[in-house]
Amino acid sequence: MDKLLISGGRRLKGEIPVSGAKNAALPILCASLLTSDSLQLENVPELNDIQTTLHLLRQLGVNVQNGHGSTLTLCAAQIDSVEAPYDLVKTMRASILVLGPLLTRFGEARVSLPGGCAIGQRPVDQHIKGLAALGADIKIEHGYVVASAKRLKGTTLRTDMVTVTGTENLMMAAVLAEGRTILENAACEPEVIDLANMLNSMGARIQGQGTGRIIIDGVERLHGASHNVVPDRIEAGTFLCAVGATGGDITLHNAAPDTMGAILEKLRETGMQLECGPDWIRARMDQRPRATGFRTQEYPGFPTDMQAQLMALNTVADGTAVIVENIFENRFMHVLELGRMGARIDIDGATAVVTGVPALSGATVMATDLRASASLVIAGLAAEGQTTIERIYHLDRGYEHMESKLNSVGADIQRISGKRS
């Protein structure tokens, strides 16, 4: 397996382009199943999770054409199968997002129960409950969700918890349902808004995206459209945490600071100087960061996907930070690896107490999930000596050419290729 070798202690200075958001692109790709017309997408990141989704869509019969750079054209005019098999779904939970589109357009779907990062239970029961409320007949057979419906019928439904992929799946199912669907307790994330905006450009009738109450009036069919995927706020936040931990001066282009309020607020508390324009962020750090505590929450609160990265910054901060993880119960797996580098972190249930140290020491560490991988990169950049990060296939699932982007602003990161075991 590939690994990264990081020589730490280098300040970052320069410019970095932010890629399209993985968590927006994945449901948008699945939305191609909702129409027989072509869907043209721009700003699609080059990631392993994207390639896995495209492989799945191709197996279903979607024609995928690669355009220039980050442009894709998808056409689901000739669908050969409504089954998403285990071998394609097991590595990525977002594969469940084909369930709603297949069911609402073709009247049936057979989708394997999904996998993904081992960061805690992320059940799909809210997807199943919602689709059943829309009139689907759903069974769990041999590890598959088997669903059928002549035509889904609009209703008012409320999920038991705020779920991003659940909101997206139910929203996509409802756009072709008969009548009006009201989603209560809906997720408000920018990626949900991006999907809704694209669906509306395809002829859907969706209101209220970005609030906890989304209203969808079903239509008979959707048509093709062109769409530019929203910038990745988590990738942008990761780079900002890197400059916060190492010091320096970087400017992020193709960013979306208006989606990053809670992240930017916390980074300002560390002493980072931030300037923002409509699509750029300049970050300067000329001092040791100040410790800052936080609680992860659903949007617009501080995102769980940034918890590990800001924790890494706090390991070298002045003071003590209390971090509470409210979303996933098993998302502190990076703590032991940071401890191998000299970090002082105490865990009590869902709470981590981080006491900053003057410097971390390079060590060999192992990535356990996607965002944990990013936290180890940040720690390695800030550490004295060399850090080796193993099992970085997690990193490649969600960050486009991360080491190249960081090297372009002064980091020293080498990728060492190895055979998969």
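Observations, loosely collected:
- Helix-derived mean residue ellipticity, 222 nm - over the chain, DSSP H n ≥ 4, -39500 (n - 2.57), to 500: -8500 deg cm²/dmol
- Residues in the stretch 256-263 carry Karplus couplings, in order, of 10, x, 5, 9, 10, x, 5, 5 Hz; the curve used is 6.51 cos²θ - 1.76 cosθ + 1.60 with θ = phi - 60°, and Gly or Pro positions show x.
- Neighbourhood charge, 15 Å Cβ-Cβ cut-off, centred on ALA133 and excluding it, Lys, Arg +1 and Asp, Glu -1: 0
- With N the number of residues in the chain, Rg(Cα) / (2.2 N^0.38 Å) evaluates to 0.98.
- Expressed as a fraction of 2.2 N^0.38 Å, the value expected for a compact globular protein of N residues, the C-alpha radius of gyration of the stretch 184-226 is 1.13.
- The stretch 307-400: C-alpha gyration tensor shape, a/c 1.5 cut-off, then a/b vs b/c: oblate
- Dimensionless Rg ratio for the stretch 184-302, taking C-alpha atoms and the 2.2 N^0.38 Å reference: 1.29
- Taking other residues whose beta carbon is less than 9 angstrom from the beta carbon of PRO27, and scoring Lys, Arg as +1 and Asp, Glu as -1, yields -3.
- For the residue pairs LYS266/LYS405; LYS13/LYS266; LYS90/LYS266; LYS90/LYS129; LYS3/LYS90, alpha carbon separations beyond 31 Å are given by LYS90/LYS266.
- Radius of gyration and Dmax over the Cα atoms of the stretch 74-189, both given in Å: 13.5, 38
- Extension gain, SER36 back to MET161 (0.36 nm per residue minus Cα-Cα distance, nm): 41.7 nm
- Net length available on complete extension from GLN273 to SER81 is 63.9 nm, with 0.36 nm assigned per residue and the Cα-Cα distance removed.
- Here the stretch 206-274 and the stretch 332-398 have alpha carbon centers that stand 24 Å from each other.
- Here the stretch 285-421 is assigned +1 on the Cβ of each Lys and Arg and -1 on the Cβ of each Asp and Glu. Its dipole about the Cα centre then comes out at about 260 debye.
- With all pairs of different C-alpha atoms in the average, the Kirkwood value for the hydrodynamic radius of the stretch 107-264 is 17.4 Å.
Readers should treat all values here as calculations from the given coordinates under stated rules, not as data from a laboratory. Nothing here was measured: the structure is a model prediction, and the numbers come from that model. No Cβ is skipped: glycine too gets one built from the backbone with ideal geometry, and neighbour counts run over all protein chains shown.
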